[in-house]
Amino acid sequence: LEKVWTYICGHGLFRMGDLVVVGVSGGADSVALLHVLNSLSSRLKLKLHVAHLNHRLRGEEADEDAAFVEAEAASLDLPFTLGTADVPAMIIREKLSTEEAARKARYRFLMETAGNLGADRIAVAHNADDQAETLLMHLLHGTGPEGLAGMKPVTGLVVRPFLGIRRREIEDFCAQSGISYRSDSTNADVTFVRNRIR
C-alpha cells in the first residue's frame with residue numbers, strides 16, 4: 001500500500017476528491033488495484049466507480065468474470081457499470097487482431113463510462129511486468145524513441161498506479177490479504193504476441 005501511495009504522490013496521479021473509474025477485469029492485477037485504491041481512497045477522498053467490460057470472447061467464462069467483478073464491487077459498497085462489446089465482430093469489421101480489438105473496445109468503454117459519470121480519472125492496472133512486455137513488443141515490431149519510453153503513469157484521463165509494482169508483488173499482496181480473483185484462460189494462449197513474450 002505504501003509503495004503504491006508513494007508512486008501516486010510522486011506522479012500526481014490523483015487530486016483531492018477525484019471521481020475515479022477503476023477498470024476491473026477480474027484478474028489479480030485489477031482486483032488488487034481496486035482493493036488498494038479502496039484502502040487509500042480516504043487519504044485523498046477519492047470516489048471510486050468500478051467498471052467491467054465483457055468482450056464476448058470467452059462465452060460463459062466471460063459472464064462469470066462479469067458476475068465476479070460485480071460482486072466484488074458490491075462487497076466494497078462501490079457503484080458498478082457493466083459494458084459489453086462485440087469484439088469478434090470488431091475483429092472482422094476493422095481488420096484488427098484480437099488483442100488490438102479488445103484493447104480498443106476496453107478503452108472506448110472506459111472513456112464512455114468516465115464521460116457519462118463526469119469522472120476525473122480512469123485507473124488501470126498495468127504493472128512493471130506489463131511495461132517490460134510492452135517495450136519488448138515495441139522493439140520487436142520496430143519503434144521510434146516514443147515507443148521506447150513505454151507506458152506513462154498518466155495519459156490523459158488514464159492513470160497507472162501499479163507501474164512501479166511487479167506482478168509477483170501483486171500476487172503476493174492478494175495471497176496475504178485473502179483477495180480472490182479470476183484467471184483468464186486466454187493468458188496461456190501463445191498465439192497472442194504478449195503471451196509469447198511473457
Given (1) more than 21 Å from G27 (Cα to Cα); (2) in contact (Cβ under 8 Å) with a residue 24 or more places away in the chain, number of the condition T98 does not satisfy: (1)
Inspect the range 19-37 for any residue being open to solvent by 30 Å² or more (accessible area, probe 1.4 Å), more than 27 Å from V154 (Cβ to Cβ), part of a loop (DSSP other than H, G, I, E, B) and touching a residue at least 24 places away in the same chain (Cβ under 8 Å) and give the result as yes or no. no
Here is a list of conditions, (1) surrounded by 14 or more Cβ atoms within 10 Å (Cβ to Cβ); (2) farther than 22 Å from G26 by Cα; (3) modelled with pLDDT of 95 or more, and G150 meets all of them except one; can you say which number that is? (3)
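Identify all residues within the range 103-119 that are over 18 Å from the mean Cα position of the chain (by Cα) and surrounded by 14 or more Cβ atoms within 10 Å (Cβ to Cβ); write none if there are none.
So in the range 103-119, the residues over 18 Å from the mean Cα position of the chain (by Cα) come out as 116-118.
L117 - this is the single residue of the range 103-119 that is over 18 Å from the mean Cα position of the chain (by Cα) and surrounded by 14 or more Cβ atoms within 10 Å (Cβ to Cβ).
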For I122, the lone unmet condition from (1) loosely packed, with under 15 Cβ neighbours inside 10 Å; (2) hydrophobic (A, V, I, L, M, F, W, C); (3) part of a strand (DSSP E or B) is (1)
Six or more apart or on different chains, Cβ atoms under 9 Å: show the pairs whose first residue is in the range 57-71 and more than 19 Å from P88 (Cα to Cα) and in contact (Cβ under 8 Å) with a residue 24 or more places away in the chain and whose second is of a type outside the set (A, V, I, L, M) and exposed (fewer than 14 other Cβ atoms within 10 Å of the Cβ). F68/S180
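Listed here are the residues, each with its yes/no results for (1) part of a loop (DSSP other than H, G, I, E, B); (2) at pLDDT below 95; (3) under 22 Å from R167 (Cα atoms).
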{"position": "K3", "(1), (2), (3)": "no, no, yes"}
{"position": "F14", "(1), (2), (3)": "yes, no, no"}
{"position": "L40", "(1), (2), (3)": "no, no, yes"}
{"position": "R43", "(1), (2), (3)": "no, no, no"}
{"position": "H52", "(1), (2), (3)": "no, no, yes"}
If A51 meets every condition in (1) within 17 Å of the chain's Cα centre (by Cα); (2) open to solvent by 50 Å² or more (accessible area, probe 1.4 Å); (3) not polar (S, T, N, Q) apart from one, which number is that one? (2)
Quick check on this structure: which one of L44, L48, L34 is over 28 Å from E64 (Cα atoms) and of a type outside the set (S, T, Y)? L44
I'm told P88 meets every condition in (1) in contact with a helix residue (DSSP H, G or I) (Cβ under 9 Å, 6 or more places away or on another chain); (2) assigned to a helix (DSSP H, G or I); (3) modelled with pLDDT of 95 or more except one. Can you identify the failing condition by its number? (3)
Residues of the range 72-102 being open to solvent by 60 Å² or more (accessible area, probe 1.4 Å) and on the phi < 0 side of the Ramachandran plot, in sequence order, are A74, S75, P79, L82, T84, D86, I92, R93, E99, E100
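The values are calculated or read from the model by the stated rules, or taken from the named source; none is laboratory data. Keep in mind that this is a model prediction, so the values were computed, not measured. Heads up, the Cβs are rebuilt from the backbone with ideal geometry, glycines too, and the neighbour counts pull from every protein chain shown. Note: areas computed on protein heavy atoms with side chains; ligands, DNA, RNA excluded. Shrake-Rupley method; radii C 1.70, N 1.55, O 1.52, S 1.80 Å.
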